[in-house]
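The values are calculated or read from the model by the stated rules, or taken from the named source; none is laboratory data. Just so it is clear, the model here is predicted, and its values are computed rather than measured. Neighbour counts are summed over all protein chains in view; Cβ atoms, including those assigned to glycine, are modelled from backbone coordinates with ideal geometry.
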Amino acid sequence: MSVFEVVVLAIIEGLTEFLPVSSTGHMIIGSSLMGIESNEFVKLFTVAIQLGTILSVVVLYFKRFFQSFDFYLKLFVAFIPAVVMGLLFSKVIDNLLESPFAVALSLVLGGIILLFADKWFNKVEVDDTAGINYPTAFQIGLFQCLAMIPGVSRSGATIIGGMAKNLSRKAAAEFSFFLAVPTMFGATAKKIWDFYKDGYQITGEEIKLLALGNFIGFVVAMIAIKYFIDYLAKHGFRLFGWYRIIVGGVILALLLTGYDLQIV
């Protein structure tokens, strides 16, 4: 990977990780358009770059992460379904990651749901993450499992899951951000463990690329989170729904015309 490719992918990751548009889908599109050759480091990079973005959540919501032990228990309860599903269906998930059709279809279907999400889930009973109980946390965690299908969007699934349990858009989005920390950290740790377990080594140059990617992802994610919360509270999901439908439709059109969309 070149420095330019790292910068582009880091910007994509930072912009899309916490928006309901699927960071995985966009990373696949970006990698394909730049013609990045698939190898074990590239696969590691696309996961390990998440460390920078989750650090942005910790920095922005620093005080919230030290408010109570109950906060961590709720995150743990919400995190459990992803751990179980990830261990049981890891090979199925890996196969789906190699399917550009699955990404495109998920983008379109998810976009359609977002067009109507504000109308379907408009009953608000909880306006702050502190009001989330354990059953609700667990059920939001179940929604997060849908994001194991590439193109679904982890943030989109968990925010919609929160709204389905009568959380406000702001509370649902913030809990989605908090839940991203253990989820993405766990996914990154597992990827690094598997990388070394399979006998691969990271070179000094690759460490520099990872550091650069994580730094850029951190900065961009800080900006994206701030603007997304304000936009979502005022305008809802409709714009993101149309965006997903357009992007997914373009990918489907490319596939139907024989374009070879390479998956990293």
The stretch 94-117, subset within 22 Å of residue 29 (Cα to Cα) and small (Gly, Ala, Ser), residue modelled with the lowest pLDDT: 99
Positions within the stretch 17-60 being hydroxyl-bearing (Ser, Thr, Tyr), over 21 Å from residue 108 (Cβ atoms) and assigned to a loop (DSSP other than H, G, I, E, B), in sequence order: 38
Residue check for residue 91: surrounded by fewer than 16 Cβ atoms within 10 Å (Cβ to Cβ) and modelled with pLDDT under 80: yes
Residue count for the stretch 157-169, restricted to those that are under 14 Å from residue 120 (Cβ atoms) and in a helix (DSSP H, G or I): 7
Subset of the stretch 232-254 [crowded, with 16+ Cβ neighbours inside 10 Å and touching a helix residue (DSSP H, G or I) at 6+ places or on another chain (Cβ under 8 Å)]: 232, 236, 237, 240, 241, 243, 244, 245, 247, 248, 251, 252
Residues of the stretch 218-264 that turn out to be acidic (Asp, Glu) and at pLDDT below 85, as a count: 1
Selection within the stretch 191-222 - in a helix (DSSP H, G or I) and free of Cβ contacts under 8 Å to residues at least 24 places away in the same chain: 193, 194, 196, 197, 204, 205, 207, 208, 211
Among residues of the stretch 110-144, those that are buried (at least 20 other Cβ atoms within 10 Å of the Cβ) and part of a helix (DSSP H, G or I), counted: 11
Which listed residue is more than 17 Å from the chain's Cα centre (by Cα) and either touching a residue at least 12 places away in the same chain (Cβ under 8 Å) or not in a helix (DSSP H, G or I) (or both), from 5, 13: 5
Candidate set: the stretch 26-77, residues that are more than 20 Å from residue 186 (Cα to Cα) and under 18 Å from the mean Cα position of the chain (by Cα); chosen: the one surrounded by the most Cβ atoms within 10 Å (Cβ to Cβ): 28
Tabulated pairs, the stretch 63-79, first of a type in the set (Gly, Ala, Ser), second surrounded by 14 or more Cβ atoms within 10 Å (Cβ to Cβ), C-beta under 6 angstrom, 6+ apart or interchain: 78/137; 78/140; 78/141; 78/179
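How about the stretch 188-209: which of its residues are surrounded by fewer than 19 Cβ atoms within 10 Å (Cβ to Cβ) and aliphatic (A, V, I, L, M)?
Those that are surrounded by fewer than 19 Cβ atoms within 10 Å (Cβ to Cβ) and aliphatic (A, V, I, L, M): 189, 192, 202, 207.
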